[in-house]
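The structure under discussion appears below in the form of structure tokens.
Each reported figure results from applying straightforward, stated rules to the coordinates on display, with no laboratory input. Owing to the predicted nature of the structure, the values given are computational and were not obtained by experimental measurement. Please note: Cβ atoms are built from the backbone with ideal geometry, for glycine as well, and neighbour counts cover all protein chains shown.
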Amino acid sequence: MSQAATDYRPMWEALGLDLPGHDALLSAIPLMYQDAHLSQANRPEGMAYFDFVMSEIHGLRIKELVDHKAAGGTVIGTFCLYVPEEIIRALGGQCVGLCAGAEWAYGEVERILPKNTCALIKSFMGFKLGKVCPYAEACDLIVGETTCDGKKKAYELFTDLAPLHVMELPQMKRPEDRVLWRAEIERLTAKLEEISGRNLTAEALAAAVKEVNDKRRALQRLNAARRASPVPISGKDALLAVQVAFYDDVPRFTSMVNKIADELEARVAAGEGAMPKGAPRILVTGTPMAIPNWKMHDVIEKLGAVVVMEELCTGSRYYSQLVDETPTDIPGMIDVITDKYLDINCACFTPNQGRIDDVIRLAQDYKVDGIIQYDLQFCTPYQIEATAVDRAAKAAGIPVLRIDTDYSSGDMGQLSTRVEAFLEMIE
Ligand code: BJ8
């Protein structure tokens, strides 16, 4: 891709964006990106791709989506890992993650949602009410899911703002829950067939499974390199790769991430790091971090530590499981898709021992010096589950720090002080 000074305003206008509000949002992102990402030393050269993607975040990629629609395809928005991208792609859709990572139009949001709603929900409602997200405005359908109570009830209001389909996600993982979840995947398939005017074929589904697996395999490679010391990529840059995975073109993204993984493997072999050897190694776990939420990683890494793993939906929960590529017929493929997605360990499930085990396993595997639990305020599932993570970490002899925060920058000083004290304690 080559950078060109394209005027995207007519496209944004045609999508119905509020242009003054959108201008204000777009002018803030480069400053945040400069401060969090471009200011880092020793970045892998391959991150230039992500710098370009970020510079075109509401430009080129949106144009690609608009062109895709003009050619007869669909754009499907999602808010959660449980929505199977494979089915969307097999039916000619481009899948885009809509979780928003910045405060927007909170005044309007708080007229319809309680103030004490988590930042992630307020943010996606604010982006929609404020008409500043071209991804949301480009969607033919948005797929919600019954995960936490806040999202579930917010969708009842969101349905007035956009075409919405809600999947019923069970909250346990018993055989009868799997039956329900499989039926929900079939119901989503029928909905996508209706809006796309296509029928699901085994060939298209097998191809989509392979493509999405390849994307996750590339991210697995990139993240495997983070086991090394010194670590060849900063936590902020590794987080950015997963954030971009939610909306970039799949084959292009896979090829660029594989290139970065090649570079990281060479850096590891040469003993080259993005951070000095001996920098405290941190695992971050908790609620997802959508673009442009780099707050926690930024605080940690500006204090000289490095995040080497994220047990997050914008982290290992996104790429660690693959869909089994063995089945060749549609029912068999729907079976393995059902299993793969039900295997994700979100705190909305009970019990959720699998997540606690993952946190400890990853912490040991990546030889971390400490765990930071990052939870959004008012996110009851993760905030309550933090106690179990805390206990398991202490039992495994791993120091742990709990942080409850939001998207504002108001508590940056306080966060910095707490993380600094934690780092002094573990060093
Ligand atoms: S699979 S974590 S993306 S539901 S932060 S809105 S849980 S109150 S985002 Fe999530 Fe899917 Fe689970 Fe992942 Fe509610 Fe908590 Fe807010 Fe949350």
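Brief remarks on what is shown
- Put in order of Cβ neighbour count within 10 Å, fewest first, the listed residues 133, 313 become 313, 133.
- Mean projection of the Cα convex hull over all viewing directions, computed for the stretch 65-140: 5.4 nm².
- Whole-percent P(r), the stretch 5-92, all Cα pairs, 10 Å bins from 0: 13, 34, 36, 17, 1.
- Fully extended contour minus Cα-Cα distance, from residue 173 to residue 156, at 0.36 nm per residue: 3.6 nm
- Each 10 Å bin from zero up to the one holding the largest Cα-Cα distance in the stretch 205-334 carries the following percent of pairs: 13, 40, 32, 11, 4, 0.
- Within the chain: Cβ-based charge dipole about Cα centre, in debye rounded to nearest 20 (Lys, Arg +1; Asp, Glu -1): 540 debye
- Remark: 289, 256 ranked as 256, 289, counting other beta-carbon atoms within 10 Å and listing the fewest first.
- Spacing of the modelled spin labels on residue 210 and residue 325, each 7 Å from Cα toward Cβ, amounts to 0.7 nm.
- Percent of Cα pairs exceeding the 13 Å cut-off, where the set is the stretch 306-359: 64 percent
- Gaussian network model of the chain, springs between alpha carbon atoms under 10 Å - residue of 380, 201, 254 with greatest fluctuation: 201
- Equivalent ellipsoid semi-axes, the stretch 42-98, via Cα gyration tensor eigenvalues times 5, rooted, Å: 25, 16, 10
- Inter-label distance, residue 116 to residue 164: 2.3 nm, where each label sits 7 Å from its Cα along the C-beta direction.
- Positive minus negative residues near residue 266 (Lys, Arg vs Asp, Glu; Cβ under 12 Å): -3
- Dividing the mean sequence gap of close Cα pairs (under 8 Å, 6+ apart) by how many residues the chain holds gives a relative contact order of 18 percent.
- Partners of residue 131 within straight-line reach, counting aspartates and glutamates whose Cα lies under 18 Å from its Cα and excluding those fewer than 8 residues away in the same chain: 13, 18, 23, 103, 108, 110, 140, 160.
- Total charge dipole magnitude, the stretch 61-160, about the Cα centre, Cβ charges on Lys, Arg, Asp, Glu only, Debye to nearest 20: 180 debye
- Shape annotation for the chain: C-alpha extents along the principal axes are 59, 52, 47 Å, from largest to smallest.
- Volume of the convex hull of the stretch 69-199 (Cα atoms only), normalised per residue: 103 Å³.
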